[in-house]
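Remarks on the structure that follows.
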């Protein structure tokens, strides 16, 4: 007969910790969720003024400041046609004037800044570093310091109340920021390409047009986009040099909705403000790929 033995105590095993890979994965997921929530909050905070302006353009004037909500209780499109024709010659003329000035500024910066940047990046001439440093120093020069001399010069030339003071300086490479941007981009292009082109018989014109320009397309797109936006949003320049209503740009046209007594047609003002954003939005959409390519290429070459 088999003897019955009392079973001994079961072995106690220590609790096992989760694998480090699983813990790291959970931590990474929590961080991504928190980061996305933070980005959503920042985007909502940034987009709120734009959404509120859009909502204000769709409600009667007396309801604009009645609620901070971005959802209109009633939709009224009357502000758009009324604002379009409110200040003769009308918002259409102001938009056309701004586009003319922006086109001239963009062409001027692309031509002058690109040629100047090529000279600093590729040519050898006396005191090149000194001239480049002086050019960069103009970035720190306040615009108000040169306002009176420039106005006196343009008055003597008979250019006041024309678009020439807003366009001609762009053809003289006065935007040092874009020159510096293009110089840094051109310096990242290997000089071996220039030497190979010289062996094939290309001079500076051939190197500039056949090698440098195609390779600096992302930087040129960045220059064009920012020149357009800054010129389109410029208020001080047109305010100083333009006095004829028929030559007003969009910023001056929007200012006309506020009279000397401080009163304003807010509904029409917000409606025209929304329409004034359309050209900037279109330019950004058209050049979006070039801008992204420029940022990515600069980061790789950095």
If you build a Gaussian network model of the chain, linking Cα atoms that sit under 10 Å apart, which residue out of 186, 140, 236 swings the most? 140
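Relative contact order of the chain, please, whole-number percent, based on alpha carbon pairs below 8 angstrom and at least 6 residues apart.
28
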As I understand it, the value is the acute angle between the Cα axis of helix 217-232 and the longest principal axis of the Cα atoms of the chain; what does it come to in degrees, rounded to 10? 60
In degrees, nearest ten, helix 288-301 long axis to first principal axis of the chain (Cα): 70
Any idea what angle helix 147-157 forms with the longest principal axis of the chain, computed on alpha-carbon atoms, 0 to 90 degrees, nearest 10? 40
Would you calculate, for the chain, the mean residue ellipticity at 222 nm contributed by helices, counting each DSSP H stretch of 4 or more residues as -39,500 (n - 2.57) and dividing by all residues, to the nearest 500? -20000 deg cm²/dmol
Taking alpha-carbon centroids only, the stretch 177-192 lies from the stretch 203-221 a number of Å equal to 10
First measure r as the distance between the Cβ atoms of residue 28 and residue 199, then evaluate 1/(1 + (r/R0)^6) with R0 = 45 Å and state the FRET efficiency to the nearest 0.05. 0.25
Any chance you could check the Cα centroid distance between the stretch 119-164 and the stretch 95-109 for me, in angstrom? 19
At a Förster radius of 45 Å, what calculated FRET efficiency corresponds to the Cβ-Cβ distance of residue 48 and residue 103, to the nearest 0.05? 0.85
From zero up to wherever the largest Cα-Cα distance of the stretch 86-301 sits, split into 5 Å bins and tell me the percent of pairs in each. 1, 6, 12, 15, 16, 14, 12, 9, 6, 4, 2, 1, 0, 0, 0
Most fluctuating residue given options 65, 185, 120, as computed from a GNM of the chain linking Cα atoms under 10 Å: 65
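Rule-based calculations on the coordinates, nothing more; no lab input. Computed from a predicted model, the values in this text were never measured in an experiment. Using ideal geometry, Cβ is built from the backbone for each residue, glycine included, and neighbour counts are taken over all protein chains shown.
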